[in-house]
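Below is one structure, written out as structure tokens; the observations come after it.
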Amino acid sequence: MTVVSLMLTSCFKIKEYTDKLGLTKGKETEQTDKQPTAIDSSKVEDYNIQLPDDQNDDQQSEMDDEDTDEPTSSVLPTVRNQWKDNTVEVAGQGRVGIRQFAEAIAKTYSAYPANAAILADSKGQKEYKTPDGLTYSVRYNEMKGYADASADTQFDLTTKVCYWFRKDGKQLVGAWMRESHESEKEQNALLFYLYDAESRTLIPQPNIAEMIIRPAKGYDDYMVVLPEDGKDIELRIYKSSDADSYSDIVKTFRWNGTSFDLKN
């Protein structure tokens with residue numbers, strides 16, 4: 001065998017060996033005078049078939065969107081998870097009304113902007129502005145036992161509070177919080193409490209809240225309308241998330257003097 005043949009055979013065997021090891025990637029590597037003395041971590045990542053950082057970030061963002069329906073900016077999921085296990089103290093002395101109830105609930109869950117607006121109003125501030133530029137105002141109808149704190153926007157960003165006198169003279173308090181955005185899933189929280197006058201404490205009544213929203217389970221969105229006029233509650237159920245000013249299903253819960261009965 002000639003010298004040229006031997007050299008060609010050696011070259012082919014070297015290439016075959018490096019291909020088996022996975023050390024060639026279809027590109028010629030640049031030659032350097034200085035030999036590395038340690039493993040190049042970028043090479044290790046490359047051969048482990050990891051995506052570049054920007055692609056990894058995009059992929060993780062897509063996974064996060066798929067894993068959760070709830071925006072991380074909303075505090076209402078936390079309210080939904082906590083209110084059933086926590087009583088609420090009502091400040092002050094003497095008789096209580098809608099202002100005391102609304103302020104007590106707002107103070108307990110003050111991270112929600114509409115509730116922060118209620119607290120600001122209690123200090124004489126008629127408008128409450130958030131860092132993102134939204135303006136909240138608070139309206140009380142003390143004669144009818146109703147409070148409404150809402151943002152000046154086309155979206156639903158609100159807290160509404162009202163109460164009923166039961167047959168036994170005790171007060172049942174309801175609170176509805178809703179957060180609706182154009183690009184995020186709507187977030188709702190319905191709370192019910194029985195007021196204990198002796199301890200000035202609102203005691204959670206989760207069974208009533210569950211009864212009201214039960215017909216909406218399995219649907220995209222729903223809205224609870226607490227009464228400013230009358231005593232009955234209306235549940236509006238939306239079959240699709242793009243419903244604007246209409247609801248596909250309406251359920252009415254009639255006040256029976258102690259709790260509510262589903263009318264239809």
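The values are calculated or read from the model by the stated rules, or taken from the named source; none is laboratory data. What you see is a predicted model; the values in this text were computed from it and never measured. Ideal geometry is used to build each Cβ from the backbone, glycine not excepted, and the neighbour counts take in all protein chains shown. Ligands, DNA and RNA are stripped out before the accessible areas are found, and what is left, the full protein with its side chains, is counted by its heavy atoms. Shrake-Rupley method; radii C 1.70, N 1.55, O 1.52, S 1.80 Å.
For the reader, a short list of remarks on this structure follows.
- A protection proxy built from the mean count of other Cβ atoms within 10 Å ranks the segments 97-104, 128-135, most packed first, as 97-104, 128-135.
- Within-10-Å neighbourhood charge of ARG99 [Cβ basis; K, R +1; D, E -1]: -3
- Computed on the stretch 112-264, with alpha-carbon pairs under 8 angstrom and 6+ residues apart, the relative contact order is 13 percent.
- Heavy atoms of the protein chains alone define the surface here; on that basis the stretch 146-236 has 44 Å² accessible area per residue at 1.4 Å probe size.
- Cα→Cβ-extended label distance, 7 Å offset, between LYS263 and GLU198, nm: 3.6
- Applying a threshold of 27 Å to the alpha-carbon distances of LYS160/LYS185; LYS144/LYS170; LYS185/LYS251; LYS129/LYS251 flags LYS129/LYS251 as lying beyond it.
- Peptides 90-96, 250-256 ranked from most to least packed, by the mean per-residue count of other Cβ atoms within 10 Å: 250-256, 90-96.
- Label zone of ASP168 (point 7 Å out along Cα→Cβ, amide N under 20 Å): in the stretch 247-264 this covers 255-261.
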